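Enquirer: Here it is, the structure in full.
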Amino acid sequence: MKKRAVERIPADLKADFFWSDKVNTGQILDLSENGFLVKTELCPAIKAKFDLNINLNNDILKIPVKVRRVVKKDTICDAVGVEIINPPREYLEYVETLRWDRIKGIKTNGQLIKLYVCSVCHHIAFDHAPVNCPICSSTIESFEKAPDAIKKPDNFYELSEFEKKHIPAIKVVKENGYINAHVTVGEIDHEMNIDDHITYIDFYYNAPFIHKKCISRMSFNCEKMHPSATLRLDNVSQGVLTVISNCTAHGNWLAKVTF
Ligand SMILES: [Fe+2]
């Protein structure tokens, strides 16, 4: 089965687990729907299985995990990367809340993501307003804080037909040394009527060690254009691609993939 690429969320959660005849304590440094990075002084072996107990909303949640990697510093155990086996529903709901809190600018575990919108071209900037808009070159004064600029689906795991029409569907394919990101809006085709159509798709590529934000926009101005686009990335092997689709009638919708 193809593993789903998801962004890890920085965390600061206490956890404990029973291994080597004793209860060990650890600290979850980051998490996703699929796994955790746990800082701990005792590293169980690769493929070891155990329950990780974490405190969520004053409830102890037992999460079955399997060790995927061990991080050592000078041969001493520092952390383990674990995969979650059948993540419990309560945990998935917790991760979903964290993701949307981060997007909507609510503080979670010290991490804050703010949204700013360009009043000229409606491009959305994350964290801070840019000196000049990367799409229309307007100055920083054109940007306004807009915590609700991106729509949130009611249930991230059971999208409605309406939400499937608006949230970009991203497929990343590595071909001939390039990364090709195929984007369609959405998983179910959105209509292109005069009063309800996708006007543009904005791409954001982020990776360590790039000095300039990589941002691109594909615009659609008539019903003959299908709301889809392919972005080809050159000289990259990994990173995070964030995509926002803009519907004239129903606002902005976001999807993100880590590759
Ligand atoms: Fe729409």
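The values are calculated or read from the model by the stated rules, or taken from the named source; none is laboratory data. Remember, predicted model here, so these are calculated numbers, not experimental data. Note that we place each Cβ from the backbone using ideal geometry, even for glycine, and neighbour counts take in every protein chain shown. These area figures cover heavy atoms from the full protein model, side chains too; ligands, DNA and RNA do not enter into them. Shrake-Rupley method; radii C 1.70, N 1.55, O 1.52, S 1.80 Å.
Enquirer: So which strands (runs of 3 or more DSSP E) stay within region 12-91 end to end and still have 2 or more residues that are more than 25 Å from Val257 (Cβ to Cβ) and open to solvent by less than 40 Å² (accessible area, probe 1.4 Å)?
Expert: It comes to 22-31, 49-56, 59-73, 76-84.
Enquirer: State the number of residues belonging to region 185-199 that are crowded, with 20+ Cβ neighbours inside 10 Å and either modelled with pLDDT of 95 or more or more than 10 Å from the ligand (Cβ to nearest atom) (or both).
Expert: So the count comes out to 4.
Enquirer: Something else: Quick check: anything in region 151-162 open to solvent by less than 50 Å² (accessible area, probe 1.4 Å), away from the ligand (no atom under 16 Å from the Cβ) and either closer than 21 Å to His182 by Cα or in a helix (DSSP H, G or I) (or both)?
Expert: No; the residues of region 151-162 include none that is open to solvent by less than 50 Å² (accessible area, probe 1.4 Å), away from the ligand (no atom under 16 Å from the Cβ) and either closer than 21 Å to His182 by Cα or in a helix (DSSP H, G or I) (or both).
Enquirer: Any idea which of Asn221, Asn252 is within 16 Å of the ligand (Cβ to nearest atom) and within 17 Å of Ile170 (Cβ to Cβ)?
Expert: Asn252
Enquirer: For region 219-234, give me each residue that is open to solvent by less than 60 Å² (accessible area, probe 1.4 Å) and in contact with a strand residue (DSSP E or B) (Cβ under 7 Å, 6 or more places away or on another chain).
Expert: If the condition is that a residue be open to solvent by less than 60 Å² (accessible area, probe 1.4 Å) and in contact with a strand residue (DSSP E or B) (Cβ under 7 Å, 6 or more places away or on another chain), then Phe220, Pro227, Ser228, Ala229, Leu231, Leu233 are the ones that fit.
Enquirer: While we're looking at this one, here's another question. Which one of these is away from the ligand (no atom under 16 Å from the Cβ), open to solvent by 30 Å² or more (accessible area, probe 1.4 Å) and part of a strand (DSSP E or B): Ser237, Ser216?
Expert: Within the list Ser237, Ser216, the selection yields Ser216.
Enquirer: For residues that are hydrophobic (A, V, I, L, M, F, W, C) and out of contact with any strand residue (DSSP E or B) (no Cβ under 7 Å at 6 or more places or on another chain), scanning just region 56-76, find the one that is modelled with the highest pLDDT.
Expert: Filtering region 56-76 for residues that are hydrophobic (A, V, I, L, M, F, W, C) and out of contact with any strand residue (DSSP E or B) (no Cβ under 7 Å at 6 or more places or on another chain), the one modelled with the highest pLDDT comes out as Ile76.
Enquirer: So, in region 200-213, of the ones that are modelled with pLDDT of 90 or more and under 13 Å from Gly239 (Cα atoms), which residue ends up farthest from the ligand (Cβ to nearest atom)?
Expert: Only one residue tops the list, namely Tyr205.
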